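Q: Once you've had a glance at the structure underneath, I'll fire off some questions.
Please treat every number below as a calculation from the coordinates, not as lab data. Every value quoted in this text rests on a predicted model; they were computed, and no experiment measured them. Positions of Cβ are backbone-derived with ideal geometry, glycine not excepted, and every protein chain shown enters the neighbour counts.
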Amino acid sequence: QVQLVESGGGLVQAGGSLRLSCAASRRTFLSYDMAWFRQAPGKEREFVAAISWSGSNTFYADSVKGRFTIFKVNDKNTLYLQMSSLKHEHTAVYYCAARSSTYTPSRTSPDLYSCWGQGTPVNVSS
């Protein structure tokens with residue numbers, strides 16, 4: 001199984017910005033579709049954003065469009081989630097996920113991803 005390690009979470013005030021990172025192996029980075037999910041206390045894990053293995057296609061939950069950006073940096077083997085204009089309701093543990101690239105239009109279900117990081121908490125003060 002591939003290893004994914006998230007970092008960059010923490011405490012931030014409402015309206016602020018935060019960049020999350022997900023470090024992966026080179027092989028995973030080059031050949032796996034990847035995504036970010038989040039899970040707030042007492043709630044189900046929720047899709048945030050996804051990116052194709054090539055980095056050419058991105059997908060976002062409606063709630064974060066125009067606010068969050070998912071991207072990859074090739075020479076660092078790292079997936080990022082740039083979060084701006086944060087609100088208290090964005091508070092959650094954020095998880096990086098990966099899957100072997102498979103032809104399917106569906107990317108929003110946690111069941112589609114077989115590899116997960118341990119999560120990094122994001123706490124946005126109101």
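Q: For the chain, state what percent of all Cα-Cα pairs lands in each successive 5 Å bin, counting from 0 Å until the bin that includes the largest distance.
A: Going from the shortest bin to the longest, the percentages are 2, 12, 24, 26, 20, 11, 5, 1, 0.
Q: Between segment 88-124 and segment 8-44, what is the C-alpha centre distance in whole Å?
A: 7 Å
Q: Still on this structure: Which lysines have a Cα lying under 16 Å from the Cα of residue 65, excluding residues fewer than 8 positions away in the same chain?
A: 87
Q: Next question. Which whole-number percentage describes the relative contact order of the chain, with Cα contacts under 8 Å and a sequence gap of 6 or more?
A: Details: 303 pairs, mean separation 46.1, N = 126.
Here the relative contact order equals 37 percent.
Q: Looking only at Cβ-Cβ distances, which cysteines of the chain have no other cysteine closer than 4.7 Å?
A: That list is 115.
Q: Among DSSP bridges having both ends in the chain, what percentage is antiparallel? Round to the nearest 5. Write out the running numbers ahead of the final one.
A: On the way: 36 of 40 bridges.
In the chain, approximately 90 percent of DSSP beta bridges are antiparallel ones.
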